[in-house]
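For reference, the structure discussed in these notes is given below.
We did not get these values from a lab; they are worked out from the coordinates using the rules stated. In this text, all values refer to a predicted model and were calculated from it rather than measured experimentally. Note: ideal-geometry Cβ built from the backbone for every residue, glycine included; neighbour counts use all protein chains shown.
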Amino acid sequence: MTNDAPPRWDRRMQQRLARGEAAALAELYDRFASLVHTLAHRVLEDETGADRVTREVFGYVWENPDAYDPQQGSLRAWIAMLAQRQAVHRLRASQTASARGDTLTSEALEERIREASVAARADYIVTSMPAPLRAALELAYFDRRDYRQAAAALGVTEDEARRRLRLGLQLLSTAHVQPPRAVSSPGYGRAL
């Protein structure tokens, strides 16, 4: 369901990218391109724009592997943040440049950006939460299991399954309230 990337893997991948290993970029692309494309498409609602953002994000990662700080979060979360920021940048730039009557109003544009941001934060929260909480949520959401069935599948008590589901949902509910800790990426807010 999710692409778990342990911190050790993240650091090794960063080192490989810093050495200029094209195979590392290919591996990273295979692992996260669909995430980047989905996030960009969610913001832009445009296949071509999402493709462009995907290329730009991986180009940025290739050229700036040291911009990633493993102490700030996972490589997956950093790449998702880059994708969301670049897609928002492209959306704002396209709306500013377009003087046609069918462009989004300022309020509609900001609402679309807020919705995409909430989705990106929710993805970050799910991938960052402890594996037991994530497993319980995945059973409830994707497999449509109740807490009793989740308890049986996880090999835990029903009380523990309820606790995991409750904590997971509480964490997920913060997606619309609090953004995740930002991972710094100097200069990435501008066009690449």
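For this structure, a couple of remarks:
- In segment 1-82, the inverse of the mean reciprocal separation of distinct Cα atoms equals 12.9 Å; this is its Kirkwood hydrodynamic radius.
- Counted residue by residue at 0.36 nm each, then reduced by the alpha carbon distance between them, the extension gain from GLU47 to ASP146 reaches 32.0 nm.
- Protection-proxy order for peptides 39-49, 25-35, each taking the mean of Cβ atoms within 10 Å per residue, highest first: 39-49, 25-35
- Shape of segment 104-146 from the C-alpha gyration tensor: oblate (a/c of 1.5 or more and a/b not above b/c, with a ≥ b ≥ c the square roots of its eigenvalues).
- Here segment 122-164 is treated with +1 on each Lys and Arg Cβ and -1 on each Asp and Glu Cβ, and its dipole about the Cα centre works out to around 40 debye.
- Debye log10 I(q)/I(0) for segment 18-166, one point scatterer per Cα, at q = 0.20 Å⁻¹: -1.12
- Packing rank of 80-91, 116-127, where each peptide gets the mean count of other beta carbons within 10 Å, highest leading: 80-91, 116-127
- Comparing PRO70, LEU35, GLY49 along the charge dipole axis of segment 1-74, the residue lying farthest to the positive side is PRO70, per the Cβ-charge model.
- Spatially, segment 115-148 and segment 53-98 are offset by 23 Å when compared through their Cα centroids.
- When only Cα pairs below 8 angstrom with a gap of at least 6 residues are kept, segment 23-93 shows a relative contact order of 43 percent.
- Simple label model, 7 Å out from Cα along Cβ direction - GLN170 to ASP69, nm: 2.9 nm
- Rounded to the nearest 20 debye, dipole of segment 12-131 from Cβ charges on Lys, Arg, Asp, Glu: 220 debye
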